[in-house]
Each structure stands twice: as structure tokens, then as C-alpha cells.
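Presented below is the structure to which this report refers.
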Amino acid sequence: MSSPEQWTRPEPGAGPAATAAEPTPEQVIAGLRATTEGGAELTQLLNPEGERLASAHFDPYVSDIDAEALRGLYRDMVLVRRADREGNAMQRQGQLGIWVPLLGQEAAQIGSGRALRPTDMAFPSYREHGVAYTRGVDFKELLGIFRGTDHSGWDFQAHGFHPYTIVIGNQVLNATGYAMGQKFEGKVGDDDGEATIVYFGDGATSQGDVHEGFVWSAVYDAPVVFFCQNNQWAISEPTERQSRLPLYQRARGYGFPGIRVDGNDVLACLAVTRWALDECRHGNGPVLIEAFTYRMDAHTTTDDPTRYRLSDELEVWKHKDPIERVRVHLARTGGADQEFFDQVQADADAFAADLRDFCFNMPDPPPERIFANVYAEPSPVLEAQQREHLAYLAGFAEGGER
Ligand SMILES: Cc1ncc(C[n+]2csc(CCOP(=O)(O)OP(=O)(O)O)c2C)c(N)n1
């Protein structure tokens with residue numbers, strides 16, 4: 001029979017004095033916090049100083065990434081960051097109702113997004129503008145969502161990129177179901193197999209939906225990569241309020257592999273995600289990836305992070321900038337010259353200017369667009385709703401009072 005001592009969790013600091021081998025509760029919590037290091041378990045191929053680190057396991061997954069390919073990843077990140085900054089600015093100027101910044105998470109999103117194949121399916125939350133870009137979704141399509149005039153109306157099958165999901169963790173269930181479908185339809189089992197990836201944050205790991213997704217995908221060996229961007233904060237809640245152990249270790253409890261990657265290292269994110277997708281393609285999924293990163297800006301433009309976190313944390317993370325380390329590496333190894341960097345900056349400015357121009361003149365989408373891409377087959381109920389809605393709107397055109 002169990003005794004109370006066996007199942008009662010001791011108060012932090014209570015119990016026998018800790019020995020050198022046994023960390024104090026404060027040390028355990030400090031280790032979990034680990035916002036500046038990420039721990040020895042961090043998979044890294046390009047460190048913050050721009051040095052390439054060898055990895056017997058992961059190097060083969062990026063053997064094709066020569067200087068030209070790395071320049072491409074650099075360009076992706078610079079463009080996406082520049083567009084993100086423009087999104088913030090346009091919200092401040094009243095053109096968007098809200099913006100959700102990705103600043104600091106470019107490597108996690110570009111690295112993982114570029115690991116996907118066209119036949120794979122990605123399920124985002126609301127911050128994955130970088131992944132959207134890698135899936136060929138026009139950045140302009142994102143603006144309507146944050147202006148409040150449109151929803152994620154792109155053809156998600158054509159892009160392999162599902163609509164944005166604001167309900168925290170919900171997309172994990174959608175992705176799990178989709179991946180189970182890939183399994184049942186025999187689309188996994190060899191190099192050409194399909195896979196699913198789902199994006200969520202550290203805070204989402206506390207949601208029941210994520211737990212359920214983990215359970216179902218584990219027992220069905222569903223080909224899904226759970227890509228958790230641990231940006232250290234769920235609005236004002238730090239990671240240590242979400243978990244008592246590093247998030248990637250949770251996978252073990254469900255019976256599938258978990259790995260922590262440096263989320264600010266685009267090369268490592270690419271390699272680790274390719275590996276995880278490969279596992280899924282061959283029927284060995286699921287896999288949990290914890291991309292250890294940092295949200296360098298506010299949660300959204302409606303948030304003020306100075307209310308709950310100290311600026312020295314941000315200063316530390318600035319030294320781990322995902323773009324800067326690639327720039328340093330390319331410059332040091334002769335992989336790119338100043339002309340290239342200037343050209344990328346000019347391209348990014350032009351990209352942002354185009355977005356800005358579009359946003360200031362953004363047409364409202366056609367009203368029937370909200371009914372598009374809901375079901376695979378025509379739905380009489382939805383069609384009736386569409387007719388009713390269009391007739392309602394037509395009443396305004398006739399000058400009728402509603
Ligand atoms: C079910 C649900 N509960 C609460 C919210 C409000 N909410 C929006 S974002 C957020 C924090 C999410 O943090 P995290 O999962 O770490 O993702 P991040 O925003 O840091 O990328 C919360 C609680 C929500 N959108 N949905």
C-alpha cells in the first residue's frame with residue numbers, strides 16, 4: 001500500500017537537505033527556466049558566433065546546403081522579418097486591427113518550413129507567417145486576417161498550409177486527424193511517404209487538445225511532427241508555469257521521440273525537421289520537436305511585455321539572433337559578400353513596400369469568399385447560408401434599412 005510520503009508532492013525546499021548530486025528545488029526551476037542556454041541537450045549546427053558545429057547524426061540531413069542554399073535561407077529570414085516589422089508598423093498606423101509578431105522566431109519557421117515537401121501538410125497557429133511564406137502563401141493574404149476583413153481564405157490543399165488557428169492547441173487535433181488519414185490511406189511507409197507538421201507554442205502544451213493529439217497520434221503511429229516553438233512566454237506566463245520538465249521530454253511519456261533544437265539556428269531546425277519528417281514518412285512517427293527560441297517582441301500589438309519581463313532577458317537573446325549568426329557565417333566563410341547583403345536588404349524593403357501599398361488600398365474580399373474551402377463536397381446547408389447572406393448584403397445596395 002502506498003504511504004502519503006510516496007504520493008504527496010513535497011513543498012519546495014522541504015525535506016532533507018540536498019546533497020551536491022541532488023539539486024535544490026530552486027536549482028531545478030532555474031534549470032527549467034534556462035532561457036539563456038537551452039541546456040546540453042540543445043541540438044545546434046550553427047552557434048550564435050556563426051561557427052558550424054559538426055553532428056554525425058544531423059549533418060547528412062543538410063548535406064545539400066551549400067553556400068548558395070544558405071544564402072537562400074538567409075534571404076527568406078530577412079524578407080520575413082522585414083515584412084513582420086511592416087505588419088507592426090501598419091497596425092500602429094491604424095491599417096491593421098492587430099499584428100502578431102514573429103520577431104526572433106524566423107529560423108524556427110524558415111528552417112522547419114523549408115524542410116517540408118509540397119505533398120506534406122502544415123497546420124499553423126497564428127504566428128507562423130514565416131511558414132506561410134515557405135508554403136507559397138502570399139504574405140498579402142495574411143494581412144486581411146489582421147485587418148479583420150478576411151479569414152485564412154487561401155486554398156489550403158494547394159499550399160499544404162491550413163488556416164490560422166487562434167484557439168490555442170486546437171490545430172493539434174486537426175493535424176492528428178489529418179495524419180491518421182495519411183496513415184489509413186497508405187500514404188506512409190517509404191521515402192515518398194507524406195507527413196504532417198503542426199505548430200504550437202509552449203503555452204499550448206498545457207491544453208487538453210495537445211495531450212489528446214499526442215495520445216492518438218502515438219497509438220496510431222500517425223505521421224505527425226509536433227513542432228513546439230518554445231519562445232519562453234505564453235503572453236505573460238513563463239515556461240516554468242507550464243511545465244516542470246523540459247517540454248521535449250514530455251514525448252517520452254506518450255511513447256515517441258522528443259528532441260530539443262536551437263530554434264534560432266536555421267540549419268539545425270532544417271536538419272532536425274527533415275529527420276523528424278523522414279521518421280513520419282517511413283511510418284515511425286510521431287515526433288515532438290521543441291524549438292528553443294525567444295519571442296523578441298510583444299505577444300501581439302495589444303500586449304506590453306515590459307509589464308511582466310525584464311529587458312535584460314531580451315538583451316541576452318539579441319546575442320543569439322537567428323539572422324545575424326547566418327550573416328556572420330556567410331561573411332566569414334566567403335559564402336556571401338557585401339553586395340549580396342545589400343541586395344537582400346533592398347529586396348526586403350521592396351517586399352515590405354509592396355505589402356504596405358497593398359494594405360493601404362486593400363479591397364474587401366468578395367462576400368462569398370468566406371464560404372469557400374469549407375467542405376470538400378458542396379453542402380446544401382452552407383449554400384443556403386451563402387444565399388441568405390448575399391441577399392442580406394444586397395439589401396444595403398438597394399438602400400434598404402437593416
Ligand atoms: C483556448 C484558448 N485559450 C486562451 C486563449 C488566449 N490566448 C491567446 S494566445 C495565448 C498564449 C499562447 O501561448 P503559446 O502557446 O506559448 O504561444 P505563443 O503565443 O507564445 O506563440 C492565450 C492564452 C486562446 N486563444 N485560446
Among the residues of the range 225-239, is there at least one that is farther than 30 Å from Val78 by Cα and either outside the structural domain of Phe156 (by TED's automatic domain parsing) or not hydroxyl-bearing (Ser, Thr, Tyr) (or both)? no
Taking the condition of being out of contact with any helix residue (DSSP H, G or I) (no Cβ under 9 Å at 6 or more places or on another chain) and buried (at least 21 other Cβ atoms within 10 Å of the Cβ), how many residues in the range 146-159 meet it? 0
Tabulated pairs, the range 348-368, first in the same structural domain as Arg147 (by TED's automatic domain parsing), second among the aromatic types (Phe, Trp, Tyr), C-beta under 7 angstrom, 6+ apart or interchain: Leu355/Phe139
Is at least one residue of the range 48-62 without any contact (Cβ under 8 Å) to a residue 12 or more places away in the chain, part of a helix (DSSP H, G or I) and open to solvent by 10 Å² or more (accessible area, probe 1.4 Å)? yes
With the structure loaded, tell me whether Asp357 is among the acidic types (Asp, Glu) and in contact with a Ser or Thr (Cβ under 9 Å, 6 or more places away or on another chain) or whether it fails that test. no
Within the range 161-206, which residues are crowded, with 22+ Cβ neighbours inside 10 Å, within 16 Å of the ligand (Cβ to nearest atom), hydroxyl-bearing (Ser, Thr, Tyr) and in a helix (DSSP H, G or I)? Thr205
Report, by residue number, each residue of the range 370-402 that is modelled with pLDDT under 90, part of a helix (DSSP H, G or I) and surrounded by 14 or more Cβ atoms within 10 Å (Cβ to Cβ). Ile370, Phe371
Considering only residues that are near the ligand (Cβ under 10 Å from one of its atoms) and aliphatic (A, V, I, L, M), look in the range 229-246 and name the one that is nearest to Gly169 (Cα to Cα). Ala234
Looking only at the range 111-130, decide whether some residue is assigned to a helix (DSSP H, G or I), within 16 Å of the ligand (Cβ to nearest atom) and hydrophobic (A, V, I, L, M, F, W, C). no
Over the range 208-220, the set of residues touching a Gly at 6+ places or on another chain (Cβ under 6 Å) and open to solvent by 10 Å² or more (accessible area, probe 1.4 Å) is Asp209, Ala218
Of everything in the range 293-348, what is away from the ligand (no atom under 16 Å from the Cβ), within 30 Å of Phe146 (Cα to Cα) and of a type in the set (Val, Ile, Thr)? Give them in sequence order. Thr306, Ile323, Val344
Residue list for the range 207-225, restricted to those being out of contact with any Pro (no Cβ under 6 Å at 6 or more places or on another chain), within 26 Å of Arg241 (Cβ to Cβ) and assigned to a helix (DSSP H, G or I): Gly208, Asp209, Val210, His211, Glu212, Gly213, Phe214, Val215, Ala218
Suppose we filter the range 270-312 for residues that are of a type outside the set (Val, Ile, Thr), in a helix (DSSP H, G or I) and open to solvent by 30 Å² or more (accessible area, probe 1.4 Å); how many remain? 7
Of all residues in the range 97-111 being surrounded by fewer than 24 Cβ atoms within 10 Å (Cβ to Cβ) and in contact with a Lys or Arg (Cβ under 7 Å, 6 or more places away or on another chain), which is nearest to Tyr164 (Cα to Cα)? Gly97
Return yes when Arg252 is open to solvent by 10 Å² or more (accessible area, probe 1.4 Å), under 29 Å from Asp66 (Cα atoms) and in a helix (DSSP H, G or I) and no when it is not. no
Does Val137 meet the test of being more than 16 Å from the ligand (Cβ to nearest atom) and touching a strand residue (DSSP E or B) at 6+ places or on another chain (Cβ under 7 Å)? yes
Counted residues in the range 21-54 being modelled with pLDDT of 95 or more and either more than 27 Å from Glu237 (Cα to Cα) or outside the structural domain of Asn231 (by TED's automatic domain parsing) (or both) come to 9
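The values are calculated or read from the model by the stated rules, or taken from the named source; none is laboratory data. Predicted, not measured: the structure shown is a model, and the values here were computed from it. Counting neighbours? That spans all protein chains shown, and the Cβs are built from the backbone with ideal geometry, glycine included. Just the protein is used for accessible areas: all its heavy atoms, side chains included, with ligands, DNA and RNA removed. Shrake-Rupley method; radii C 1.70, N 1.55, O 1.52, S 1.80 Å.
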